[in-house]
1. Exactly one of these conditions fails for B:CYS99: (1) open to solvent by less than 30 Å² (accessible area, probe 1.4 Å); (2) at the interface with another protein chain (Cβ under 9 Å from one of its Cβ atoms); (3) at pLDDT 95 or above. Give me its number.
2. For the stretch B:21-34, give me the residue count where each residue is facing chain D (nearest Cβ under 7 Å) and either surrounded by fewer than 19 Cβ atoms within 10 Å (Cβ to Cβ) or not hydrophobic (A, V, I, L, M, F, W, C) (or both).
3. Restricting attention to the stretch C:1-20, which residues are at pLDDT 85 or above and more than 9 Å from chain A (Cβ to nearest Cβ)?
4. List pairs: first in the stretch B:55-67 and open to solvent by 20 Å² or more (accessible area, probe 1.4 Å), second of a type in the set (Val, Ile, Thr), Cβ under 7 Å, 6+ apart or cross-chain?
5. Only one of B:SER151, B:SER106 is closer than 24 Å to B:PHE65 by Cβ, within 12 Å of chain A (Cβ to nearest Cβ) and among the small types (Gly, Ala, Ser); which?
6. So B:PRO40 ticks every box in (1) outside any helix (DSSP H, G or I); (2) open to solvent by 30 Å² or more (accessible area, probe 1.4 Å) but one. Which box is left unticked?
7. In the stretch B:152-165, which residues are outside any helix (DSSP H, G or I) and open to solvent by 20 Å² or more (accessible area, probe 1.4 Å)?
8. Would you point out the residue of the stretch D:109-148, among those that are away from chain B (no Cβ under 11 Å) and more than 15 Å from the chain's Cα centre (by Cα), that is surrounded by the fewest Cβ atoms within 10 Å (Cβ to Cβ)?
4 protein chains.
Amino acid sequence: MVRSILPERSSDGGSERLEAFSDGILAIAITLLVIEIRIPSTDGTHLGSALRHLWPSYLAYGLSFTTIGFVWVAHHSMFRRVRDVDRMLLILNLGLMLCVAFLPFSTAVLARYSFTQSSGAAPAAELYSINMLVIGLAFMSLWVYLSFHLSLFVGHVDKKAVQRTILRAAPPPIVYALTAALSFVNAKACYVLWVLATLYVAVGPAARKIPVWVDASSEAVSDAN
Amino acid sequence: MVRSILPERSSDGGSERLEAFSDGILAIAITLLVIEIRIPSTDGTHLGSALRHLWPSYLAYGLSFTTIGFVWVAHHSMFRRVRDVDRMLLILNLGLMLCVAFLPFSTAVLARYSFTQSSGAAPAAELYSINMLVIGLAFMSLWVYLSFHLSLFVGHVDKKAVQRTILRAAPPPIVYALTAALSFVNAKACYVLWVLATLYVAVGPAARKIPVWVDASSEAVSDAN
Amino acid sequence: MVRSILPERSSDGGSERLEAFSDGILAIAITLLVIEIRIPSTDGTHLGSALRHLWPSYLAYGLSFTTIGFVWVAHHSMFRRVRDVDRMLLILNLGLMLCVAFLPFSTAVLARYSFTQSSGAAPAAELYSINMLVIGLAFMSLWVYLSFHLSLFVGHVDKKAVQRTILRAAPPPIVYALTAALSFVNAKACYVLWVLATLYVAVGPAARKIPVWVDASSEAVSDAN
Amino acid sequence: MVRSILPERSSDGGSERLEAFSDGILAIAITLLVIEIRIPSTDGTHLGSALRHLWPSYLAYGLSFTTIGFVWVAHHSMFRRVRDVDRMLLILNLGLMLCVAFLPFSTAVLARYSFTQSSGAAPAAELYSINMLVIGLAFMSLWVYLSFHLSLFVGHVDKKAVQRTILRAAPPPIVYALTAALSFVNAKACYVLWVLATLYVAVGPAARKIPVWVDASSEAVSDAN
């Protein structure tokens with residue numbers, strides 16, 4: 001046993017470490033979104049209208065910021081229920097981070113091409129949809145893995161409860177799979193679906209079932225079925 | 001109850017988590033300000049004067065750095081009094097972060113257009129004023145929400161004390177609303193008001209009433225009324 | 001004694017501080033990788049193919065992201081066994097961070113030159129190999145230093161166990177030394193070796209011997225000899 | 001008293017918070033240094049020599065990385081002796097952070113102009129010297145302020161010991177003041193002085209007197225006088 005030879009300082013299950021590192025990556029990715037908004041290069045006369053024409057950048061910034069923000073909420077909601085982190089969970093989490101950290105690129109492509117040049121709108125929306133879809137799938141893969149390794153959880157956990165949680169995480173990826181298909185038909189309609197999906201995640205009925213850290217009202221965590 | 005099925009590691013109210021994530025975003029946003037200052041592209045002969053002509057960038061950097069610094073102070077001053085974080089507080093805080101993380105963009109636009117090209121000075125000052133105004137309003141929205149949910153605070157809290165705190169947070173947004181209106185009349189005068197407002201926040205009489213973490217002298221937290 | 005005159009708040013050995021700072025640098029370096037992927041500048045018609053032609057960037061992003069991710073895992077695996085941090089360990093760790101924080105540059109050079117311009121492929125692969133080699137050597141230098149200062153470890157440690165750990169860290173630097181030599185012969189073959197090396201580190205037989213924070217299964221830490 | 005009305009969660013003196021925020025800024029500033037190294041734009045044939053011609057960038061990166069690294073060490077060495085943070089200390093620390101976070105800009109100017117274009121070398125070295133000088137002075141201002149407010153320290157502190165610590169922090173600012181004057185005479189000689197100063201800080205005799213967190217050997221903190 002290596003452990004007996006190289007003893008360790010503490011015996012926390014690694015969950016807090018992993019959360020701290022993931023927090024760092026998420027906080028940086030969310031803040032890097034802004035540096036992809038390009039400062040307009042005009043003579044001063046047209047700065048006002050140039051700034052207004054950047055609205056697709058502002059919208060994309062808002063969408064991606066909100067998405068990463070709620071990935072962060074959901075990530076904590078998951079890991080505060082996890083006691084032990086094994087190597088596979090580590091790798092799946094690194095995969096999730098890889099996808100989220102890629103979002104500033106997809107967001108910048110979306111902002112630049114989705115409205116100004118109509119022929120570029122389709123591939124830009126396609127890239128963004130696929131990035132968001134993969135984030136959703138990577139997130140679900142963590143829950144699925146945990147559902148097969150219940151011993152990693154804090155305390156005793158009912159497998160059915162975990163499976164219901166997986167189902168609750170499914171709608172966003174489904175929407176993004178839809179817009180990935182829709183992007184070549186009508187790229188602008190994708191925006192509508194994304195905004196609706198984001199609002200749904202943030203304040204819709206499903207949000208009330210996603211447990212936050214603190215559950216001020218007991219309904220927030222009650223489960224109807 | 002989901003909680004009984006998926007138990008959690010600790011029962012802290014989520015406030016420390018939210019602070020850590022917000023700290024990360026604020027620290028990154030404050031440090032990203034510098035990468036919007038463009039390295040001058042001149043032949044070497046004129047580098048000295050090119051660096052001196054960047055003074056609007058240095059001024060904008062100083063203003064925004066100080067502002068984010070004091071947002072951070074005020075944010076901690078608020079959250080160390082908060083015990084529980086519910087979903088609405090989470091969303092309001094994410095809104096505040098979204099506005100602060102946008103500041104590197106507004107600062108860069110201000111630095112580039114406010115002095116070199118007079119016709120661009122007005123929209124640049126307008127954008128900066130609005131960004132700062134929205135930061136101030138987002139910050140107040142957190143206090144207002146808390147004033148209606150006193151149970152989220154640590155210990156017993158007097159509603160009137162919270163309302164006085166809201167009033168104390170009001171002057172900066174008022175100044176930025178003024179400069180938003182003033183920017184199209186005299187963009188340069190806005191700078192004067194911003195510097196005065198920043199100094200007032202940092203070392204003025206109001207500052208002495210905003211409680212810092214540690215109150216070395218008791219006057220620092222005494223409340224005259 | 002300065003210590004008796006300027007007493008300190010706590011007596012933790014500095015290991016947690018150093019980990020927190022290193023975590024910050026690693027999380028930022030891993031997230032900065034994305035901003036080196038350049039948004040394509042095309043008219044909209046060719047955006048789809050422009051995005052597909054960026055695949056060397058995506059591959060380089062994935063390779064470097066995974067590498068920094070596992071540097072982070074290995075770094076924790078080391079420092080949770082360390083109780084005291086002396087100045088030399090501090091300097092060696094700063095050297096490791098200096099090399100890892102440089103990786104976004106090497107990755108960007110690799111992505112831009114390795115496939116699009118065949119004559120640039122060799123120096124780009126050379127730079128990347130050397131950067132990765134130096135990261136590996138810097139990492140090993142920490143283990144070697146610790147093997148001569150066993151008192152810095154938590155508890156009693158067998159020198160032979162530390163030496164076995166050093167040997168286990170050796171294969172990646174050897175692969176990168178090989179590709180540094182190979183890059184001028186066949187730059188594309190380097191990619192194959194890098195991907196294989198990364199997979200080996202992540203999920204290969206050696207990985208199972210590198211202790212993770214949490215060792216869900218006892219084989220994960222068992223040591224055959 | 002506001003404190004009695006809006007009670008706080010914990011009564012730590014704010015020192016840990018301030019350290020965490022400062023750590024974040026320092027970790028980001030140190031990692032941002034790399035993105036100011038510009039990817040060479042050549043046809044592939046000359047990539048090798050283009051990469052070698054970037055050596056002033058590598059040198060500037062190394063210098064600034066090491067400097068920020070040791071600012072971080074010295075910052076911790078200070079704040080782990082501090083129990084209470086008052087508003088003035090907060091503002092002085094924010095001033096220090098403002099100067100350190102500016103360093104990626106000065107470093108980039110230095111790297112681009114110091115060797116390639118001889119007429120730009122003087123102002124570039126001047127800017128870098130002044131930035132480093134101001135960092136040193138900002139750092140000393142914290143110690144000077146603390147020397148007049150001994151009650152902010154952990155435990156009982158001898159004023160003379162603090163004053164000796166101030167003197168020990170003085171040499172680097174003196175060197176940078178010298179190179180600020182020297183830069184217009186011989187910009188390249190500045191590099192030599194900077195490298196020597198950095199080596200002195202890292203491993204010279206003074207370094208052995210600057211207490212690290214952990215003092216493995218008692219000489220590390222012994223004070224001869």
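The values are calculated or read from the model by the stated rules, or taken from the named source; none is laboratory data. It should be emphasised that the depicted structure is a prediction, and the values quoted were computed from it without experimental measurement. Using ideal geometry, Cβ is built from the backbone for each residue, glycine included, and neighbour counts are taken over all protein chains shown. Keep in mind that these areas ignore ligands, DNA and RNA; they rest on the heavy atoms of the full protein, side chains included. Shrake-Rupley method; radii C 1.70, N 1.55, O 1.52, S 1.80 Å.
1. Against the list (1) open to solvent by less than 30 Å² (accessible area, probe 1.4 Å); (2) at the interface with another protein chain (Cβ under 9 Å from one of its Cβ atoms); (3) at pLDDT 95 or above, B:CYS99 comes up short only on (2).
2. Here the count works out to 3.
3. Of everything in the stretch C:1-20, just one residue is at pLDDT 85 or above and more than 9 Å from chain A (Cβ to nearest Cβ), namely C:LEU18.
4. Here the result reads B:THR66/B:THR198; B:THR67/B:THR198, each pair linking the stretch B:55-67 to a residue that is of a type in the set (Val, Ile, Thr).
5. Going through B:SER151, B:SER106 in turn, just one is closer than 24 Å to B:PHE65 by Cβ, within 12 Å of chain A (Cβ to nearest Cβ) and among the small types (Gly, Ala, Ser): B:SER106.
6. Here B:PRO40 meets the rest and fails (2).
7. B:VAL154, B:GLY155, B:HIS156, B:ASP158
8. Residue satisfying both the conditions and the ranking: D:PHE148.
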